[in-house]
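First comes the structure, then the notes that go with it.
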Amino acid sequence: MGRRGVKEYRAHEALQLILADRDREPLTCPSCGNRKIQRTPRRRLPVSAQMDPYRHVTLKCTKCGRQAVYVPRNVTQPSDSQLLTS
Ligand SMILES: [Zn+2]
């Protein structure tokens, strides 16, 4: 499809996934329903490593390959549109 090789979620799908991650809820791909979402950095890291607010978090579905990227500091409320700037 696209030339870039990286499939991205539609905006509302990305938002759904991002908010689930922010709230520490189980991640499920909004597009294909796959429950294996590859998160970078991993949640298993010490809390201190998780708290870098400037770090990008990448959420990638291991099945359909779609991915969403966000910066935690930009996610302040569900209607925050700044997280969809990519
Ligand atoms: Zn998927």
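Among residues of region 62-86 that are at negative phi, those with a beta-carbon under 7 Å from a residue that is among the small types (G, A, S) and modelled with pLDDT under 70 at least six positions away or on a different chain give the pairs V69/S86. The condition of being at pLDDT 75 or above and surrounded by 13 or more Cβ atoms within 10 Å (Cβ to Cβ) holds for only one of P72, P26, that being P72.
The values are calculated or read from the model by the stated rules, or taken from the named source; none is laboratory data. Only a predicted model underlies this, so the values are computations on that prediction, with no experimental measurement involved. Cβ coordinates were reconstructed from backbone atoms using ideal geometry, including for glycine residues, and neighbour counts include every protein chain displayed.
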